[in-house]
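Working notes for the structure below.
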Amino acid sequence: MLDKNIKLAFFRPDFESEVFVPLISQGINAGFPSPAADFEEEKISLDAFLIKNKEATFYAKASGNSMINAGINDGDILVIDRSLPVTNNKIAICFVDGEFTVKRIAIQEDKILLLPENPNYKPIEISKENEFVVWGIVTYVIKKLT
């Protein structure tokens, strides 16, 4: 049974107003600072970095906590590519019996399971009776750090 409290709000990327922001291409050292690469930068478009197929990419705002152990938290923005193939162990946006959900796909010999990444939730077993479509594959998670 799907969690009726979980909602996904979908958005199309805005390709008309592409914004380029500075990128420090040397990487940021998580240990000791490196003075050698002081402020060397280039410009990057996050849309160009995150989106490989413009026509098939959408954003969705996640709601709920069934995928917290996969790094998807309430309020995160998911980047979804509808052109990618469905393969085992991918995180996908699925349409099940009239509801959208985000879960990890487990393809087994005789069945498909939608696996939550939170032990408080049970897997969803897809049967022939279910209306089921894999709507797209999650490629990135954008989150705000507190």
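A single entry from A48, A92 fulfils the requirement of being in contact (Cβ under 8 Å) with a residue 24 or more places away in the chain and in a strand (DSSP E or B): A92.
Does the stretch 50-64 include one or more residues that are open to solvent by 60 Å² or more (accessible area, probe 1.4 Å), touching a Phe, Trp or Tyr at 6+ places or on another chain (Cβ under 7 Å) and modelled with pLDDT of 80 or more?
yes
Does the stretch 113-129 contain any residue that is small (G, A, S) and closer than 23 Å to T57 by Cα? So far as the stretch 113-129 goes, no, none of its residues is small (G, A, S) and closer than 23 Å to T57 by Cα. In this structure, is I80 exposed (fewer than 14 other Cβ atoms within 10 Å of the Cβ) and in contact (Cβ under 8 Å) with a residue 12 or more places away in the chain? Against the criterion (exposed (fewer than 14 other Cβ atoms within 10 Å of the Cβ) and in contact (Cβ under 8 Å) with a residue 12 or more places away in the chain), I80 does not qualify. It is to be established whether one or more residues within the stretch 89-104 are more than 16 Å from F10 (Cα to Cα), polar (S, T, N, Q), open to solvent by 40 Å² or more (accessible area, probe 1.4 Å) and modelled with pLDDT under 90. Among the residues of the stretch 89-104, not one is more than 16 Å from F10 (Cα to Cα), polar (S, T, N, Q), open to solvent by 40 Å² or more (accessible area, probe 1.4 Å) and modelled with pLDDT under 90, which makes the answer no. Only one entry in I142, I137 is under 25 Å from F49 (Cβ atoms), open to solvent by 50 Å² or more (accessible area, probe 1.4 Å) and within 13 Å of the chain's Cα centre (by Cα), namely I142. Of all residues in the stretch 122-146, those that are closer than 20 Å to Q108 by Cα and either touching a His at 6+ places or on another chain (Cβ under 7 Å) or part of a loop (DSSP other than H, G, I, E, B) (or both) total 7. Inclusion of D74 among residues that are among the charged types (D, E, K, R) and either part of a strand (DSSP E or B) or at pLDDT 90 or above (or both) is warranted. Looking only at the stretch 51-66, residues that are assigned to a loop (DSSP other than H, G, I, E, B) and not hydroxyl-bearing (S, T, Y) come to 6 in all.
Which numbered condition in (1) in a loop (DSSP other than H, G, I, E, B); (2) at pLDDT 75 or above; (3) open to solvent by 60 Å² or more (accessible area, probe 1.4 Å) is the only one that N69 fails? Looking at each condition in turn, N69 falls short on (1).
The values are calculated or read from the model by the stated rules, or taken from the named source; none is laboratory data. Here the structure is a predicted model, which is why all the values come from computation and not from measurement. Glycine gets a Cβ as well: all are built from the backbone with ideal geometry, and neighbour counts include every protein chain shown. Just the protein is used for accessible areas: all its heavy atoms, side chains included, with ligands, DNA and RNA removed. Shrake-Rupley method; radii C 1.70, N 1.55, O 1.52, S 1.80 Å.
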